[in-house]
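The values are calculated or read from the model by the stated rules, or taken from the named source; none is laboratory data. For clarity, every value in this text was computed on a predicted model and none was experimentally measured. Cβ sites come from the backbone with ideal geometry, for glycine too, and all protein chains shown count toward neighbours.
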Amino acid sequence: MKKIILTFLFITFYSISYGQEHIETTAVKVNATRIEKELLEVPASVSIITEDDIKRSSARTVGELLQDIPGVQVINSGGQGLKRISLRGEGANRTLILIDGQQIVENKSMDGTALMIDPNLIERIEVIRGPASVLYGSNAIGGIINIITKKGGKEPVEGSLSLAYNGASAGHSESGSIYGSVKGFDYRISASYNEQGQLRTPIGLVPYSSFKQQNYSAYLAYNFMQNYKVGASYDYFNSDISSGSQSPGYENFFVKMPEWSRQKAALFFEAKNIASFMPKLRIDFFYQQSHKDMQNHVDINQDVVWMPSIIDNYADNYNTQYGVQLQTDWQVSDHTYIIAGYEFNYNILEADTNVDSTPYDPSWTLMSYFKHSRNKGYEYSHALYAQGESYLPLDFTLHYGVRWTYNYANMQVADGTQVYDDGTVEQLTPADLGETGSSQVNAPVFAAGITWTGVENLSIRLNYSQGFRSPTLQERYILSSMGGGTIYPNPDLKPETSNNVEFGIRYSDYGVSIDTVYFVSIADNYIAQVPLSAGVNATRYRNVSNALSHGAEIQIGYLSPIGIKPYINTTIMQRRYSDGEINTWDTGVPLVSGRAGVIYQHTFNDFVDFKIDVFSRFSSEVKDSLDTVHKEFANGLYYDPWGTLNFAVGVDFGTERQFSLSAEVYNLLNELYRTSVDIYEPGIYGAVKFAAKF
């Protein structure tokens, strides 16, 4: 490792001393502020995964695409097919997931929203770190993952395909698209298939870790009268995934989801330059439904409880969404630009749950039963928002915004029965399955900041922003018993809130790229599971906890005139959790983590571009005293520090670089490490991918 670090430093200083002529850098366009701007001008902390990044990556899922972005933790709970994302140490349920600007709602999950789309159908991903609730609403306490899908093309008929193999799970994936633009019509039809086997770690295969996924989409838009566009899209994603564990004592625990699907249909109308004072108007209508069919198998042996039994929980959940989004842009003056909008979301949850309990000892008749419960409810929200920027003297820009959200929830049905082996039928009560009722919350949030761009290709920003998360229908009304424990709902929950301050610097010129930010975030009214009484494996949701997070996210690179680029993307942060009884900095967040390496890129001729990347992924030790189940150090869970050595090579070729071939070898030293309690990460493995456009 010392030799690697010394080599990295030598190449860095050699490259800097080799030459300092001006090297133009490509301006990256993003929509983080709901209007397209150059990244240098965006006041938020934003990272971009581009279409070229995705084309060259062998990532099996979207989660793996995001793992090297500062502030991102990929939640790897054994379910390889649908990973979740934590931003700045916040739970995955505090990360807002958007596809083309519209939220994926998950009203019955304790783990947050999964990333339910194939990477090959994505044009780019924008990761906004830190609260962004003014523009995007609930769940954006940690930040936002905004996935923008591919649309039409430039020629009448174009196409693309990709083929990939990933040795981490001996799996393969294929995708293809036909797209183009003809007489004002833009269109695209896409399909993908992904099949992966069990994950291969240095200590063996991970049980129940294989998965299959398929994704189909269609897009059609018509451009008329030069500045007007109307269009429609349809997207269908389906997966068959499982989740297992390598932890001692949990070998007989698994989750199977033979279907976890999402389908979405959307319509939009967009007008540009309607008047000198209104550059843009857009309205979106969408329908989206997700379906999760799940079995949770818990084998509670005699070493865990005094009444050992086997419990199978079955869930059949439908989340149905209807949404309307209206955005208007206003050029108030030469110095002020304002975005204002309205959003309406209506979400319906239908959840059927079955529990089949079989004791090891037949004499324990009270533990031998079949329980069926049914919950049905809905929630809707109205939101008004406005965000503006005013250009001030001396190259300062003032940013400001406000959002008001009204959320109403109603659980209409909560009923069920429990049947014992002797034929006795018992009608369930709210203590057994949850409650009916209604509740409402109002959530105003604000944001303000200032940016200075007085030096070319440099921006300095100071921002304040608020975030919030409304309680889900499950947290308010539905009793949950997945995993062996029981969690009771609470209809009186208040929204979680956060306040965030950050100071950032961006610079991009002379081959140097710097994007760094220091942040402090204070979150309050966290919804936590509080034990009902000592010695009882039952909890209730309450607003009892808060967190203080602070740290730095750093991205630095230097592209020398000879094509060598040393770089580092790293996060340095701490997070303290408090709930009145617990006050700890051991919250499952590493002090230091990231990726560092050296890239060499070279253009051989008019037909071939070549790129080599030698890099390390690394993390300091992790302690999590909040994990009260898997205790592996005196006060909780412990992960050793780790670092991997990896190698990637890519070739783009053709007159328009329309073909690409990439190959990678990961974890060259076959290091045994993990980032979550359930499983270890893959050992040494290779991956290869071919992509083409025609």
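Per-structure values
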| quantity | calculated |
| --- | --- |
| The stretch 189-203, subset outside any loop (DSSP other than H, G, I, E, B) and touching a residue at least 40 places away in the same chain (Cβ under 8 Å), residue nearest to Glu158 (Cα to Cα) | Ser190 |
| Complete set of residues in the stretch 469-522 that are under 30 Å from Pro70 (Cα atoms), of a type in the set (Lys, Arg) and either more than 21 Å from the chain's Cα centre (by Cα) or in a loop (DSSP other than H, G, I, E, B) (or both) | Arg506 |
| Meets criteria (part of a strand (DSSP E or B), polar (S, T, N, Q) and either out of contact with any Ser or Thr (no Cβ under 8 Å at 6 or more places or on another chain) or under 20 Å from Pro444 (Cα atoms) (or both)) for Gln325 | yes |
| Residue list for the stretch 43-97, restricted to those being crowded, with 22+ Cβ neighbours inside 10 Å, of a type in the set (Val, Ile, Thr) and within 27 Å of Ser662 (Cα to Cα) | Val46, Ile49, Thr61, Val62, Ile69, Val72, Ile85 |
| Residue tally, condition within 24 Å of Leu87 (Cβ to Cβ) and either in contact (Cβ under 8 Å) with a residue 40 or more places away in the chain or β-branched (Val, Ile, Thr) (or both), over the stretch 504-541 | 20 |
| Looking only at the stretch 113-133, and only at residues there that are surrounded by 24 or more Cβ atoms within 10 Å (Cβ to Cβ) and assigned to a helix (DSSP H, G or I), the one that is nearest to the chain's Cα centre (by Cα) | Pro119 |
| Check on Ser373, out of contact with any Pro (no Cβ under 7 Å at 6 or more places or on another chain), of a type in the set (S, T, N, Q) and more than 16 Å from Tyr477 (Cα to Cα) | no |
| Single unsatisfied condition, Leu668 versus (1) surrounded by 20 or more Cβ atoms within 10 Å (Cβ to Cβ); (2) modelled with pLDDT of 95 or more; (3) over 25 Å from Ile514 (Cβ atoms) | (1) |
| Flag for Gln214 being polar (S, T, N, Q), surrounded by fewer than 21 Cβ atoms within 10 Å (Cβ to Cβ) and at pLDDT below 95 | no |
| Arg540 surrounded by fewer than 18 Cβ atoms within 10 Å (Cβ to Cβ), part of a strand (DSSP E or B) and either over 29 Å from the mean Cα position of the chain (by Cα) or among the basic types (Lys, Arg) (or both) | yes |
| Number of positions in the stretch 496-523 that are more than 30 Å from Gly557 (Cα to Cα) and either aromatic (Phe, Trp, Tyr) or surrounded by fewer than 16 Cβ atoms within 10 Å (Cβ to Cβ) (or both) | 1 |
| Test: residue in the stretch 94-101 that is assigned to a loop (DSSP other than H, G, I, E, B), among the charged types (D, E, K, R), closer than 24 Å to Ser217 by Cα and in contact with a Ser or Thr (Cβ under 7 Å, 6 or more places away or on another chain) | yes |
| Number of the exception - Thr453 against (1) loosely packed, with under 15 Cβ neighbours inside 10 Å; (2) in contact (Cβ under 8 Å) with a residue 60 or more places away in the chain | (1) |
| Filter result for the condition that a residue is at pLDDT 95 or above and either closer than 30 Å to Gln529 by Cα or charged (D, E, K, R) (or both), over Asp613, Asp640 | Asp613 |
| Counted residues, the stretch 388-443 - those being in a strand (DSSP E or B), among the charged types (D, E, K, R) and over 30 Å from Phe277 (Cα atoms) | 2 |
| Scan of the stretch 574-598 for residues that are of a type outside the set (Lys, Arg) and part of a strand (DSSP E or B), ordered by number | Gln574, Tyr577, Ser578, Asn583, Thr584, Thr587, Val592, Ser593, Gly594, Ala596, Gly597, Val598 |
| Selection within the stretch 329-362 - hydroxyl-bearing (Ser, Thr, Tyr), surrounded by fewer than 19 Cβ atoms within 10 Å (Cβ to Cβ) and closer than 30 Å to Ser290 by Cβ | Tyr342, Tyr346 |
| Any hit, the stretch 559-567, residues being part of a strand (DSSP E or B) and under 22 Å from the mean Cα position of the chain (by Cα) | no |
| Residue in the stretch 180-204 that is surrounded by the most Cβ atoms within 10 Å (Cβ to Cβ), counting only those that are under 21 Å from Ser239 (Cα atoms) and among the hydrophobic types (A, V, I, L, M, F, W, C) | Leu199 |
| Qualifying positions in the stretch 398-454 - of a type in the set (S, T, N, Q) and more than 12 Å from Leu473 (Cα to Cα) | Thr405, Thr417, Gln418, Thr424, Gln427, Thr429, Asn442, Thr451, Thr453 |
| Breaking point among (1) modelled with pLDDT of 95 or more; (2) of a type in the set (Asp, Glu); (3) not in a strand (DSSP E or B), for Asp627 | (1) |
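One line per residue, one yes/no per condition, for (1) under 22 Å from the mean Cα position of the chain (by Cα); (2) in a strand (DSSP E or B); (3) modelled with pLDDT of 90 or more; (4) within 19 Å of Ile49 (Cα to Cα):
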residue: Asp111; (1), (2), (3), (4): yes, no, no, no
residue: Lys151; (1), (2), (3), (4): yes, no, yes, yes
residue: Lys154; (1), (2), (3), (4): no, no, yes, no
residue: Ile178; (1), (2), (3), (4): no, yes, yes, no
residue: Tyr187; (1), (2), (3), (4): no, yes, yes, no
